[in-house]
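Reviewing the structure listed below.
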Amino acid sequence: MKNNLKSYLVLFPIAAGIVSLDQWTKLLIRNTLEIGEIWSLWDCLTPYMRVVHWKNTGVAFGMFQNNNLLFAFLVSIIALVIIVYYPQLTEGDWFLRIALSMQLGGAVGNLIDRLTVGHVTDFISVGNFAVFNVADASVTVGVGIMILGLWVEEKKLRKNKNGEVPESKEMEQL
């Protein structure tokens, strides 16, 4: 039991930091801009990057709009799975630990929006890409770190397999 609690010392602080930053930035946007209003530091940057107050009742890229409660339920399940699964990770698997922490923080950040304001507040707009927020970015970076970690682990396994002497050669040497 004590080891399980110790393993959460990475998960919860990272997730809480992401949730805090996400909620603070969304509150700032909701209190500063009307829905649909755009702000840009310099007009010349507006086509490339801007802040826009946007509401999203769907998921990534605005797909499946008006399913807020369904997504709140699904995100709650995902968050619970991460919390239950996390203590089972090996101590040295830092890529997966960091990735799941970021994904939990992002999931909870957007879940709070769904439950408190009835939609997710998005505000970061870059080029023609879909408008997103800190929580979305955290989930995306978390997935990238997870993929990178899997790639690193696979390289280690291949190196170990290639570095070992096959059984048939061991037998010949005896």
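If you run the Gaussian network model on the chain, springs between alpha carbon atoms under 10 Å, then out of L11, L157, L96 the most flexible one is L157. For the pair T90 and A130, the difference between a 0.36 nm per residue extended length and the Cα-Cα distance amounts to 10.8 nm. Computed extension length for L45-Y8: 9.2 nm, one decimal, from 0.36 nm per residue of separation with the Cα-Cα distance subtracted. Less than 5 angstrom separates the built amide H of M49 from those of G127, all sequence-distant by 5 or more or on a different chain.
Label-point separation (nm) for V141 and L27, each offset 7 Å from Cα along Cα-to-Cβ? That separation, rounded to one decimal, is 2.1 nm. Largest GNM mean-square fluctuation among D93, D113, D22, using the chain with Cα springs under 10 Å: D93.
Using the Cα gyration tensor of the range 81-143, with a ≥ b ≥ c the square roots of its eigenvalues, what is the shape: rounded (a/c below 1.5), prolate (a/b larger than b/c) or oblate (neither)?
It comes out oblate by the Cα gyration axes.
Going by the alpha-carbon gyration tensor, a ≥ b ≥ c the square roots of its eigenvalues, is the chain rounded (a/c under 1.5) or, if a/c is not under 1.5, prolate (a/b greater than b/c) versus oblate? Cα axes put the chain in the prolate bin.
Among the helices of the chain, those built from whole DSSP H runs whose Cα atoms reach 15 Å or more along their own axis and whose mean Kyte-Doolittle hydropathy is at least 0.5 are 68-85, 94-116.
Each Cα pair under 8 Å and six or more residues apart adds its separation to the average, and for the chain the resulting relative contact order is 29 percent. Spin-label model, T57/V81: points 7 Å from Cα along the beta carbon direction are separated by 2.6 nm. Structure remark: mean-square fluctuation, Gaussian network model of the chain, C-alpha springs under 10 Å; the largest value among Q23, Q103, Q88 belongs to Q88.
Per-residue ellipticity at 222 nm from helix content only, as computed over the chain with -39500 (n - 2.57) for each DSSP H run of at least four residues, stands at -22000 deg cm²/dmol.
Rule-based calculations on the coordinates, nothing more; no lab input. What you see is a predicted model, and the numbers here were worked out from it, not measured in a lab. Every residue, glycine among them, receives a Cβ derived from its backbone with ideal geometry; neighbour counts consider all protein chains shown.
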